[in-house]
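Asks: Before we start, here is the structure in question, set down as structure tokens.
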Amino acid sequence: MGRGADRLASVRREVAVARWLADKGYPAARLVTAAEQPIEIEDHPVTFGEGLADGDTYASTVEMGVRLRRLHELEAPPFSLPRLQPFDKVASRLERAVIPEGTSAFLRSMARELEAEYGGLEFSLPSGQLHGDFNVSNVLRDEAGHPRVIDLDGFATGPREWDLMQTAMYCDSFG
């Protein structure tokens, strides 16, 4: 669920992604097909999906890797995806954060430095569609125990290495 015109456009793209993945037989969250989606309830776009595990059982890193490779090998969808903009929400989030100004200034400065460094990176893999938020908490099991990818709202085009970032970060930080 979300609110407003921007959120409606994002949810419509998420529905298009879910339908595209279903058409390709890709193991992702499935929409309930009997309903036209999204619907709007009091300016909130709403979708209906099939149920998955409640988050207690995640896919293994091997299962995640298989799904990620398969996702990256799919032909581009028949609709446009936005370009990955990993720093586009930093400023607005820092404005809303309840933190001391010195901390906020430090984080803004660091974000500018990281964005500049990111702009100079060279990637080995070709650009293509990516999940955008691929991590262990976004690969849940269905009732038969099969891993399915969820959280389809971050789909974008960009460097495919991006989809490895969170898993690598979690491994480095938490083992």
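Asks: With respect to Ala53, is the statement that it is out of contact with any strand residue (DSSP E or B) (no Cβ under 7 Å at 6 or more places or on another chain) and either farther than 25 Å from Pro147 by Cβ or part of a loop (DSSP other than H, G, I, E, B) (or both) true? Quick ask: steps written out before the conclusion?
Replies: Values: out of contact with any strand residue (DSSP E or B) (no Cβ under 7 Å at 6 or more places or on another chain): no; either farther than 25 Å from Pro147 by Cβ or part of a loop (DSSP other than H, G, I, E, B) (or both): yes.
For Ala53, the condition - out of contact with any strand residue (DSSP E or B) (no Cβ under 7 Å at 6 or more places or on another chain) and either farther than 25 Å from Pro147 by Cβ or part of a loop (DSSP other than H, G, I, E, B) (or both) - is not met.
Asks: Quick one: is Asp153 at pLDDT below 85, more than 15 Å from His72 (Cα to Cα) and either of a type in the set (Asp, Glu) or touching a strand residue (DSSP E or B) at 6+ places or on another chain (Cβ under 9 Å) (or both)?
Replies: On the way: at pLDDT below 85: no; more than 15 Å from His72 (Cα to Cα): yes; either of a type in the set (Asp, Glu) or touching a strand residue (DSSP E or B) at 6+ places or on another chain (Cβ under 9 Å) (or both): yes.
Considered against the rule, which asks whether it is at pLDDT below 85, more than 15 Å from His72 (Cα to Cα) and either of a type in the set (Asp, Glu) or touching a strand residue (DSSP E or B) at 6+ places or on another chain (Cβ under 9 Å) (or both), Asp153 comes out as no.
Asks: Can you tell me which residues in the range 120-175 are assigned to a helix (DSSP H, G or I) and touching a helix residue (DSSP H, G or I) at 6+ places or on another chain (Cβ under 6 Å)?
Replies: Correct list: Leu152, Asp153, Asp163.
Asks: Something else: Can you name the number of the only condition in (1) surrounded by 15 or more Cβ atoms within 10 Å (Cβ to Cβ); (2) modelled with pLDDT of 90 or more; (3) under 25 Å from Tyr26 (Cα atoms) that Ser80 fails?
Replies: The number of the failed condition is (1).
For every residue, the table says whether it meets (1) within 16 Å of Glu63 (Cβ to Cβ); (2) in contact with a strand residue (DSSP E or B) (Cβ under 8 Å, 6 or more places away or on another chain); (3) buried (at least 18 other Cβ atoms within 10 Å of the Cβ).
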| position | (1), (2), (3) |
| --- | --- |
| Thr103 | no, no, no |
| Glu113 | no, no, no |
| Val136 | yes, yes, no |
| Leu140 | yes, yes, yes |
| His146 | yes, no, no |
| Val149 | yes, yes, yes |
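Asks: Give all pairs with beta carbons closer than 6 Å in which a residue from the range 136-163 that is closer than 19 Å to Ala22 by Cβ and in contact (Cβ under 8 Å) with a residue 12 or more places away in the chain meets a residue that is hydroxyl-bearing (Ser, Thr, Tyr) and assigned to a loop (DSSP other than H, G, I, E, B); count only pairs at least 6 apart in sequence or on separate chains.
Replies: Filtered contacts from the range 136-163: Arg141/Thr57.
Asks: Tell me, yes or no, whether the range 39-46 has at least one residue that is among the charged types (D, E, K, R), more than 28 Å from Cys171 (Cα to Cα) and surrounded by 10 or more Cβ atoms within 10 Å (Cβ to Cβ).
Replies: Step one: filter the range 39-46 for residues among the charged types (D, E, K, R), giving 40, 42-43.
Narrowing further to those that are more than 28 Å from Cys171 (Cα to Cα): 40, 42-43.
Applying the additional criterion that residues be surrounded by 10 or more Cβ atoms within 10 Å (Cβ to Cβ) yields 40, 43.
There is at least one residue in the range 39-46 that is among the charged types (D, E, K, R), more than 28 Å from Cys171 (Cα to Cα) and surrounded by 10 or more Cβ atoms within 10 Å (Cβ to Cβ).
Asks: Just checking, how many residues over the range 79-97 are of a type in the set (Lys, Arg) and closer than 27 Å to Ala16 by Cα?
Replies: Going through the range 79-97 one residue at a time, the tally reaches 2.
Asks: What is the residue count in the range 60-77 for residues that are among the acidic types (Asp, Glu) and either assigned to a helix (DSSP H, G or I) or surrounded by 14 or more Cβ atoms within 10 Å (Cβ to Cβ) (or both)? Write out each step before concluding.
Replies: Narrowing the range 60-77 to residues among the acidic types (Asp, Glu): 63, 73, 75.
With the extra rule that they be either assigned to a helix (DSSP H, G or I) or surrounded by 14 or more Cβ atoms within 10 Å (Cβ to Cβ) (or both), the set shrinks to 63, 73.
Of the residues in that region, 2 qualify.
The values are calculated or read from the model by the stated rules, or taken from the named source; none is laboratory data. For clarity, every value in this text was computed on a predicted model and none was experimentally measured. Every residue, glycine among them, receives a Cβ derived from its backbone with ideal geometry; neighbour counts consider all protein chains shown.
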